[in-house]
Structure formats: structure tokens, C-alpha cells
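Working notes for the structure below.
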Amino acid sequence: MNLQKFKTLVDLLTYFNSEQICRDYLELLRWPDGIKCPDADCGHEKVFSFSNGKTYKCAKCKKQFSVKAGTIFHDTKIPLRKWYAAIYLITSHKKGISSVQLSKDIGVTQKTAWYMNHRVRHSLGWDIPEEKLSGTVEADEHFVGGKEGNKHKSKRTEGTQGRSTQTKTPVAGLVQRGGNVRAKKVSDTTGSTLRKFVYENVERGSQLHTDEWWGYKGLEKLFGHSFIKHQENEYVKGDCHTNTMEGFWSLLSRGVMGIYHSWSNKHLQKYLDEFVFRYNTRQLTEADRFNLMLSGLANHLPYSKLIEDEKTNSWATDFKPVDRPSQYQQGSFGF
């Protein structure tokens, strides 16, 4: 079996016309060097195959497993063919796809589609790669939440104009010109928070462009810091601007307003992960993006974990980064 270069959803569904082909393809991407035990404490490479062609047994720990074990497909009753269609739709639609529309497209309930959507996002987790952004980098912050002026007068909250975080959630963003973007939900936009985010993600000595927000003061000690004054209607000054980052925020806003309509604070980081993944793979073909997604599946996300109380939910903070091929960070992909 070889990796496929399908160009459309029709091509994908035509090729994956049986559950066995779907399993074989997942095996090729998950274990390109041969099947091995998925247990993190074992990882033994000698396994035995059962006659049903679905189940394996580790020669060392004696545990039985399938290609779905320990992935977002763990214990799923939904055919992989529908999962593959969902992954294709989620990763190729520039502004995402709602659970209602996804349920209609692949023939499942809205509740099931919502769970599938989140399990796919679980594999698009934001993390801090070892390789930092460099060259010319733009930094900006964004606030996610509805405008008070659009709410009924009885539901408005006083004193929430400007940068208030009472009804909005701040998000910090960085983008390398011609490269990747990184976005993370933060508690506030103070100097300590924004500077820490920049220090963790940008190579020292890089050229950093921001607006005039005071939270970026002090960065000139480690970076070539230039800024523009938005409050004075200044948006470009020579090579200095934050228009690339603003473009990403615009795409994010179109997604929340036109597709999802609202995001809870609890799941906000995972929605950011979804948009970051699509942006960082924008130069890939639909087939390469699909293959990349399958090659870095995260561990199982139980439904109980997904819906647990936000105060005890550790999904967004304790998520183990997905081990993707290094080509993902470079903006190109190939096996």
C-alpha cells in the first residue's frame, strides 16, 4: 500500500471503500517501520497477528491491541471511513465546520459529530516546538468574546470596554513572516505574560514588530523591537507592521462568527489549535494535510474528560504534545 494523493473528498471516499483498507492505511502511517506494541511502557516490535486481520498481540507484554488502540479512534463504533471523511472536512475547511453541518455530511447525530470534532482537535494540540520563530516576527494580542453593544441591555456588563477580561478571553499570537503562527490563550495581556510568551517562542536577536501596547516594553533588550502606533492610525511604517498577524485574527473571527457562533473559555485553546494547524499547513495539499493528521494522532479523549467541569479540566493545560514529523514545522511535508 502506498500513500494516496487524492485531490477531493470524492477521491478519498472512493479509495477508502472498506474498513480493511482504512485500517491498513492507518497502520502504514502509524507504524511505517513495522507494527509494534502501542503501550508506552513496552513498545516491543515483535507482535503476533490474529486471523481476523484486526487484532495483534505483543510477544513481550502479551497485551492484545488493534491499530486504533491509544488513538482518537479508540473504542469507536463509527466506521473509519466516516472518521476519514470528517478529518478531511475539518482540516480542509478554512474556517472550520460546525457539528451540525458535519453530522449532516457524514450521517451521524449532532452530539456524535461534536464529539468527533473535539477528538480531531485533540490531535491538533498547540505545543512549543524546539525550533523557535526567527527572522521577522509579528506579535499581537486578540480578545475572543461578543461585543457588549450587540447584547440585550439587560445582559450587558458594565465596565467591560477596551481590554477588560470580564467577558472576553485574551489570546496572544506570534507569526513569522512567510512561516508559522502560534496562538495561545492567556490570562491577561500584561507585560509579564506577553514577554514570557515571546521569550519562549522567538529566537533571540530576531526582528520583532508589535503595536504600541505597553506590555511589549522591554523586549528591545533581546530583540530588534519596532512598533507602530495604531491609536494614531498608523498601520505600516517602512517594513514594520502587524498585518500578517491581524490577517490570522481576521480568519479566526470569521470562523467564530460565521461557523461556530460562540466558543466557551473551556475549549477555546482547542479551537485555536484547529486554526493554527490549518494555517501552518496552508502550503500542503489536501492529501498531505490529511496524511500528516493521521501520522500524529493523539491519545484517546474520553467523553467524560471532555465534558468535565472547567475548574477541574486539565485537557488544555496537561495535554501531551503530538509527535509530528519535523516537516510540519518547516511548512512542507512528505514521506
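Quick rundown of the values:
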quantity: Residue within the range 46-65 that is under 24 Å from K82 (Cα atoms), within 27 Å of the chain's Cα centre (by Cα) and not assigned by TED's automatic domain parsing to the domain that holds Y88 present; calculated: no
quantity: Considering residues of the range 255-283 that are aromatic (F, W, Y) and within 18 Å of M245 (Cβ to Cβ) only, the residue surrounded by the fewest Cβ atoms within 10 Å (Cβ to Cβ); calculated: Y279
quantity: Residue satisfying condition, being under 18 Å from M116 (Cα atoms), free of Cβ contacts under 8 Å to residues at least 24 places away in the same chain and either within 23 Å of the chain's Cα centre (by Cα) or assigned by TED's automatic domain parsing to the domain that holds Y115 (or both), within set K68, K77, K95; calculated: K77
quantity: Members of the range 162-176 that are at pLDDT 95 or above and either over 17 Å from the mean Cα position of the chain (by Cα) or surrounded by fewer than 14 Cβ atoms within 10 Å (Cβ to Cβ) (or both); calculated: Q176
quantity: Among (1) within 17 Å of L294 (Cα to Cα); (2) in contact with a helix residue (DSSP H, G or I) (Cβ under 7 Å, 6 or more places away or on another chain) - the single one D33 does not satisfy; calculated: (2)
quantity: Qualifying residue in the range 294-302 (condition: at negative phi, in a helix (DSSP H, G or I) and touching a residue at least 60 places away in the same chain (Cβ under 8 Å)); calculated: yes
quantity: Close pairs (9 angstrom Cβ cut-off, 6 or more residues apart or separate chains): touching a residue at least 24 places away in the same chain (Cβ under 8 Å) in the range 192-211, surrounded by fewer than 18 Cβ atoms within 10 Å (Cβ to Cβ) and part of a helix (DSSP H, G or I) anywhere; calculated: L208/E220; D211/H230; D211/Q231
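The values are calculated or read from the model by the stated rules, or taken from the named source; none is laboratory data. As the structure is a prediction and not an experimental result, all values here were calculated from the model. FYI the Cβ positions are ideal-geometry reconstructions off the backbone, even for glycines, and counts take in every protein chain you see.
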